[in-house]
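Everything below concerns the one structure shown next.
The values are calculated or read from the model by the stated rules, or taken from the named source; none is laboratory data. Because the structure is a prediction, the values reported are computed rather than measured. Virtual Cβ from ideal backbone geometry, glycine too; neighbours counted across all protein chains shown.
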Amino acid sequence: MKRLILSLLSLPLLAGAALAQDDVVRMGTEGAYPPYNFINDNGEVDGFERHLGDELCERAELNCVWVTNEWDSIIPNLVSGNYDTIIAGMSITPAREEVIDFTEAYIPPAPSSYLAMAGMNPDLENGVIAAQAGTVQADFVADSGATLVEYATPEETVAAVRNGEVDAVLADKAFVEPVANESGGQMVLVEDVRIGGGIGMGLRSSNDELRGQFNEVIVEMKQDGSLNELLVQWFGDEADTW
Amino acid sequence: MFSFCSDPDTLEGAAWWACYLTTRKHLLFYSSFGTVLLLLVITAPAALTLGFGGAVASRSRFLPLAWLGKIYTSMVRGIPDVLFFLFVPLALDQGLEWIRHHLLCPEWAEPIRQDGNFVVCREAKLPLSSAPEWMHEIYGFLLAVVAFALVFGAFAANVLAGAMRAVPHGQLETAAAYGMSRAQVFWRILVPQMWVYALPGLSNLWQILVKATPLLFLLGVEDIVYWARELGGTKTSVYDYPHGDWRLYYFLVLLVFYLVLTKFSEMGFDRLTRRFSRGQKTIGSSSPTPA
Amino acid sequence: MSCWDTFQAYALRSLGVGERILPRDDFTVCQEVVLIGSGLLWNLYFAAVALVLGFFLATGLALLRNSQRRVARKPAEWFIFLFRGSPLFIQFFLAYEAFVLLPRAGIPLDLGVVEITVQTGWLTRAWAGATLVLFLNTAAYSAEIFYGALRSVPQGEVEAAEAYGFNRWQKFRHVVWPTLLRLAWPAYTNEAIFLFHATTLVFFSGFPAWRQQGDALYYASYFADKTFNPFLAYPIAAVYFILATLALLGLFRLGHLRLHRHLPAPARPPLRFRLRLLR
């Protein structure tokens, strides 16, 4: 009996020691999806998720470093341990939850939008629609009956609309809205759709402890209003907040 | 970089360009040209060494070794190099982690390959997840170097094996008649003489290697193609220096870089050929245009 | 789903025939073999079109390059340098970025009587745009090979043809060209194999795969990414490429036999394929 207590006591100690040993949390992101995450002119990861992630790490007293990974292999590389979290504008979906675990959502379910050239009136049901491969939007387009053309990066999807390869692109509204606003009237948002749940951080299923730590500070930031401030700062006044 | 760059929104004309072209991101772009040259400088001797080993192995009298050498030298004839570049880094990474996993975590019970994933224990990760970021980058670059060295080693083995065959048999027989051992004939007669026959092939190989360097991008190394795509892409006002889709212009820069590099390599090899064929009667020395 | 069902669903998937949705989980070896094989059709298509068309352009370029006139020679030299001096990978990227800049509505061409509109949209698609790049690329490399062979055509043969009173076209068609091909054939075989292997770059270099219709390596990397296991998909693709390369080699051997059909069988030089690094 005594032994059992001893071992029970020593377990958290050991766990603590292990955590202190490699206390670096590697934050994996895509770095190509402004304003969620992008590489700024200094060559560093920037954007809403960079600022959110740094704040979360500071509150949870974690030592975080940022790494980028291509979108299409971002989940396998998390599972195999090349980084510890995915914080890349990833919607929480049941299919993804089978493979990895998500924290509490830090962005409420937000609309996606079709972006098209002005005056083109694209046929969203039967036309040719671009989406980034492996996104909820790509699945949505595939199910909608339109011809899906997938691109590896968000940038290429917008370029495909601009040069007429496709009729429209479906992506998160927060990504395509600035593109439309700054196109000088060339491009417009056609229609909003609501797909998927909120956006959360992805972690390995075995990593419950880290997930708990992040959940705690996400809830804390939701309650004290600082998360809403950050949302408004990056996504504008009309952004959905908590 | 310059003091007047502190507020990019107010800049215009030449000042905007001066600041835009000297952002840290651009400096990273410029330094990635160094990454490409570094890859060339490391890969070339590594491939030559591997190629020499392959050529020697395929001439070996020990049959299994000869077969190994022959398979190595002939694999690049049937299989596209791109396939190796995709396969080798991933395979090598998983292979190393698999070995480390079995050495370091023998008590691990779960399977390594769970559907769609490759999971090894924390201690077996390469590099360790606690390692600083630069080690991860160096590791990725090293995997790329190994992939390049393997493929171009096989090409080089072809060239060197051909060059060894091209050394006149009389030379070798004469040396043997003088009582030289097999090793002596090899090192003192064959190897010094083969280079002049190998040079045209090696010069072509260098040109192919130069033109394969953009494939670094496929291996996830932040090379010139990566930065050209990143910098050239449309920039909204979230960025300090917004602009449209400029990827075409950035790729034009890369094109010019490679054309210049090719031209310089050609000139270099022409000089080398002239040097090597000094005192040798070859087509290269007797006609004004080397064949 | 039995393997035969998989075959029916995916054998022509790369051309857009059959099952629309690619396998997403529970991957089988059968699926990988069928889909990667389906993708090989693209590689064969790219190589066949680029090689056949490139052959004729290369012959023309080699003749231009051999011309006495500067206005004819210089453009050919520049063309060859441009395509041989830069990586194919960059050429693909550049060509794609340039093609997408062409006006979508087409370019109006005024032909005096009628005005037609040249459609440009298809150039951004791999089947046209990438084939065009491969065609120009292999033409440049082959032109260099043919040019070298052209310079080695024995003077005596040409003089003999002149003595027979051949005109310029007859001289070229019946004397210079066949000899040129005989001389260039081994190196040209080598170039064809290099080009065939280079077709794997298309879908990694900017040209998007429409409806996930890609080449053999596209599907191989699809499976490798999804299963995170490079040890199955890539070797399957490798086997396909080895077989296809052998078939290509067989075709070139037939060509070699035809080029030497005037010689009695024992006197024909064998086509020994030795990898030449002429690329």
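Just a few scattered comments:
- Selection of the range C:159-169 for residues being farther than 18 Å from C:LEU64 by Cα and in a helix (DSSP H, G or I) yields C:GLU159, C:ALA160, C:ALA161, C:GLU162, C:ALA163.
- Residues that are closer than 24 Å to C:PRO208 by Cα and of a type outside the set (Asp, Glu) number at least 2 in the following helices (runs of 4 or more DSSP H) confined to the range A:132-242: A:136-144, A:154-162, A:173-181.
- B:GLU110 touching a strand residue (DSSP E or B) at 6+ places or on another chain (Cβ under 9 Å) and among the charged types (D, E, K, R): no
- For the range B:223-262, a tally of residues being in a helix (DSSP H, G or I) and over 19 Å from the mean Cα position of the chain (by Cα) returns 13.
- Out of C:ARG70, C:ARG84, C:ARG13, sole residue that is in contact with a Gly (Cβ under 9 Å, 6 or more places away or on another chain), modelled with pLDDT under 95 and of a type in the set (Lys, Arg): C:ARG13
- Residue count, the range B:54-92 (criterion: farther than 20 Å from C:ALA237 by Cα and in contact (Cβ under 8 Å) with a residue 12 or more places away in the chain): 8
Let's see how each residue does on (1) surrounded by fewer than 20 Cβ atoms within 10 Å (Cβ to Cβ); (2) in contact (Cβ under 8 Å) with a residue 24 or more places away in the chain; (3) facing chain C (nearest Cβ under 9 Å):
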{"site": "B:ALA198", "(1), (2), (3)": "no, yes, no"}
{"site": "B:LYS211", "(1), (2), (3)": "no, yes, yes"}
{"site": "B:TYR226", "(1), (2), (3)": "yes, yes, no"}
{"site": "B:THR236", "(1), (2), (3)": "yes, no, no"}
{"site": "B:GLY244", "(1), (2), (3)": "yes, no, no"}
{"site": "B:PHE251", "(1), (2), (3)": "no, no, yes"}
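- Among the residues listed as C:PHE228, C:PHE223, C:PHE194, the single one being hydrophobic (A, V, I, L, M, F, W, C) and free of Cβ contacts under 8 Å to residues at least 40 places away in the same chain: C:PHE228
- Check on C:ALA139, in a helix (DSSP H, G or I) and either of a type in the set (Asp, Glu) or surrounded by fewer than 20 Cβ atoms within 10 Å (Cβ to Cβ) (or both): no
- A:ASN121 passes every criterion in (1) part of a loop (DSSP other than H, G, I, E, B); (2) in contact with a strand residue (DSSP E or B) (Cβ under 9 Å, 6 or more places away or on another chain); (3) under 30 Å from B:LEU27 (Cβ atoms); (4) not small (Gly, Ala, Ser) apart from (3).
- Subset of the range B:77-92 (residues that are facing chain C (nearest Cβ under 8 Å) and crowded, with 21+ Cβ neighbours inside 10 Å): B:ILE79, B:PRO80, B:ASP81, B:VAL82, B:LEU83, B:LEU86, B:PHE87, B:LEU90
- Helices (runs of 4 or more DSSP H) fully within the range C:170-279 that include at least 3 residues being touching a strand residue (DSSP E or B) at 6+ places or on another chain (Cβ under 9 Å) and within 11 Å of chain B (Cβ to nearest Cβ): none found.
- Residue in the range C:59-76 that is under 18 Å from C:TYR234 (Cα atoms) and surrounded by fewer than 14 Cβ atoms within 10 Å (Cβ to Cβ) present: no
- Scan of the range A:18-76 for residues that are within 12 Å of chain B (Cβ to nearest Cβ), over 15 Å from the mean Cα position of the chain (by Cα), part of a loop (DSSP other than H, G, I, E, B) and touching a residue at least 24 places away in the same chain (Cβ under 8 Å), ordered by number: A:ASP23
- Residue check, B:ALA163 under 23 Å from B:TRP98 (Cβ atoms), surrounded by 21 or more Cβ atoms within 10 Å (Cβ to Cβ), away from every other protein chain (no Cβ under 11 Å) and in contact with a helix residue (DSSP H, G or I) (Cβ under 9 Å, 6 or more places away or on another chain): no
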